[in-house]
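Enquirer: Shown below is the structure under consideration.
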2 protein chains.
Amino acid sequence: MRQALLVIDLQNDFCLPGAPLFVAGAPACIPRAIAAVEGFRAAGLPVIWVMRRHRPDGCDIDRARRALFAVRPFLCASPGVDLVEGLAPLPGEPVIEKRRWSAFFATDLDLLLRRAGIEHVVLAGVQTPNCIRATACDATSYDYECTVLSDATASESDAVQRANLDDLARMGVHILTTAELLARLPRRAAASAAE
Amino acid sequence: MRQALLVIDLQNDFCLPGAPLFVAGAPACIPRAIAAVEGFRAAGLPVIWVMRRHRPDGCDIDRARRALFAVRPFLCASPGVDLVEGLAPLPGEPVIEKRRWSAFFATDLDLLLRRAGIEHVVLAGVQTPNCIRATACDATSYDYECTVLSDATASESDAVQRANLDDLARMGVHILTTAELLARLPRRAAASAAE
């Protein structure tokens, strides 16, 4: 079953202390996300980058966040909108801009995955209760197998992270550490991807 | 801001002890859901019924639940698929069949709400971490205001219920008891609805 890695919202405005939408657990998960990216590339499997980005006038901001954006705009201009240091797409790796929680909502992600013959998506990034969970929920709804990497995703606290991973497991989402997932990647994926 | 009540998955296969997908908290929430339905009707505001239903051969079952369905089919034949006793649509109240977690996924719910001029959806039903949360997440993504009724929704445990309501509050979803919500319904909604 062909897998792809989705790297979600690992942008400065979520990941740097003091940023407008800082997630406390984000800094600790970044090395694991980097390891996941490197493992998928080494296996010849796709890495897809998902980033939340808004227009500077805020016309595409969620209704629930309009007041917050008016006080302190976020995710609409460099460097806040950029990926954190250590993460960057290679030429040819798709980058998807999203406006809402789910990476599937109002994007072409499903189209890309189906066209590429992907049946299993693996999620890394922030934050687990919002964009990771919403993406996992949509992934299962579209009948993709879905794995969330427990140590390459993050929340504002360990309690929130744990509760969300438990809920997702009960919804049929696989929960694995990055090391566990990488150990299970097909050995001949590189050859298969080159067909 | 015009509101509608969405009554989600209050069907026997989720709500009766011993049913295939029984949610432990379901029986206790049903009287509150009934109160919410009566309150919206009394205010002249729409009640929309959302029910999960599957074809008897299981061709539309979530991939994650196919094995479970093969052992013990659910939500595909009376009386398991029926609404629990005490709840029934009135003539003219829309009934929406869904196949996945979110009431918006592969249904005409957004179309109905927009056509009716609804800007705020209020959620009752089961279960909170799955279909209630997925629907709330999509509702905010579509820029509806969203309220989840804390005592007219239910989970398998109080801990799961509490953790999910806390997460949803942080996503901008309003959390109210049924009594709190009903006390805030516009007094002249009935006149407005008749326009």
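Enquirer: In a Gaussian network model over chain B where Cα atoms closer than 10 Å are linked, find which of B:G18, B:G92, B:G39 has the largest mean-square fluctuation.
Expert: Among B:G18, B:G92, B:G39, the largest GNM mean-square fluctuation belongs to B:G92.
Enquirer: Here is a further query. For chain B, what is the calculated [θ] at 222 nm in deg cm²/dmol (nearest 500), taking -39500 (n - 2.57) for each run of four or more DSSP H residues and dividing by its residue count?
Expert: After summing the helix terms and dividing by the residues of chain B, the value is -9500 deg cm²/dmol.
Enquirer: Mind listing which trypsin sites (Lys or Arg not before Pro) in segment B:92-191 are in a DSSP loop and have 12 or fewer other Cβ atoms within 10 Å?
Expert: B:R187, B:R188
Enquirer: Follow-up. Let me spell out the model: positive unit charges on the Cβ of Lys and Arg, negative unit charges on the Cβ of Asp and Glu, origin at the Cα centre of the protein assembly as shown. What dipole size does that give, in debye rounded to 20?
Expert: Here the protein assembly as shown has a charge dipole of around 280 debye.
Enquirer: Only loop residues by DSSP count here, and only those with at most 13 other Cβ atoms within 10 Å; note down the GluC sites (Glu not before Pro) in segment A:1-108 that meet that.
Expert: Counting only loop positions with at most 13 other Cβ atoms within 10 Å, the GluC sites (Glu not before Pro) in segment A:1-108 are A:E85.
Enquirer: Among A:C76, A:C137, A:C59, which one shows the highest mean-square fluctuation when chain A is modelled as a Gaussian network with alpha-carbon springs under 10 Å?
Expert: A:C59
Enquirer: Considering chain A as a Gaussian network with a 10 Å cut-off on Cα pairs, which listed residue, A:A139, A:A36, A:A179, attains the greatest mean-square fluctuation?
Expert: Of A:A139, A:A36, A:A179, the Gaussian network model singles out A:A179 as fluctuating most.
Enquirer: Under the definition of Cα pairs under 8 Å and six or more residues apart, what whole-number percent is the relative contact order of chain B?
Expert: Taking the mean separation of contacting Cα pairs over the length of chain B, I get 29 percent.
Enquirer: Would you work out the charge dipole size for chain A about its Cα centre, treating the Cβ of every Lys and Arg as +1 and the Cβ of every Asp and Glu as -1, and quote it to the nearest 20 debye?
Expert: 180 debye
Enquirer: Of B:P46, B:P186, A:P79, whose Cα points farthest to the positive end of the dipole of the protein assembly as shown (charges on the beta-carbon: +1 Lys, Arg; -1 Asp, Glu; origin at the Cα centre)?
Expert: Towards the positive end, the residue furthest out is B:P46.
Enquirer: Also: Only bridges with both residues in the protein assembly as shown count here: give the DSSP antiparallel percent, nearest 5.
Expert: Given both bridge residues lie in the protein assembly as shown, the antiparallel proportion sits at roughly 5 percent.
Enquirer: To continue, here is another question. Using a 1.4 angstrom probe, figure out how much accessible area segment B:48-195 has per residue, in square angstrom, rounded to the nearest whole.
Expert: 45 Å²
Enquirer: Okay, moving on. Out of segment B:143-184, which GluC sites (Glu not before Pro) are coil in DSSP terms and have no more than 11 other C-beta atoms within 10 Å?
Expert: Here no loop site has a sparse enough neighbourhood.
Enquirer: Rg and Dmax in Å for segment B:3-194, alpha carbons only: what are they?
Expert: Reported Rg and Dmax, both Å: 15.8, 51.
Enquirer: Here is a further query. Starting from one equal scatterer on each C-alpha and no solvent at all, send me the Debye-based log10 I(q)/I(0) for segment A:1-82 at q = 0.22, 0.24, 0.27 Å⁻¹, two decimals.
Expert: -1.02, -1.11, -1.27
Enquirer: Answer with one residue from A:L176, B:A106, B:T128: the one whose Cα lies farthest towards the positive end of the charge dipole of the protein assembly as shown, charges on Cβ with Lys, Arg +1 and Asp, Glu -1.
Expert: B:A106
Enquirer: Using a basic spin-label model with each label point 7 Å from the Cα along Cα→Cβ, how many nm lie between B:D57 and A:E180?
Expert: About 3.7 nm, to one decimal.
Enquirer: Determine the share of segment A:3-194's accessible area contributed by carbon and sulfur atoms, expressed in whole percent, with a 1.4 angstrom probe.
Expert: Accessible surface attributable to carbon and sulfur in segment A:3-194 totals 54 percent.
The values are calculated or read from the model by the stated rules, or taken from the named source; none is laboratory data. Since we're looking at a predicted model, the values are computed, not measured. We place every Cβ from the backbone using ideal geometry, glycine too, and count neighbours over all the protein chains shown. Ligands, DNA and RNA are stripped out before the accessible areas are found, and what is left, the full protein with its side chains, is counted by its heavy atoms. Shrake-Rupley method; radii C 1.70, N 1.55, O 1.52, S 1.80 Å.
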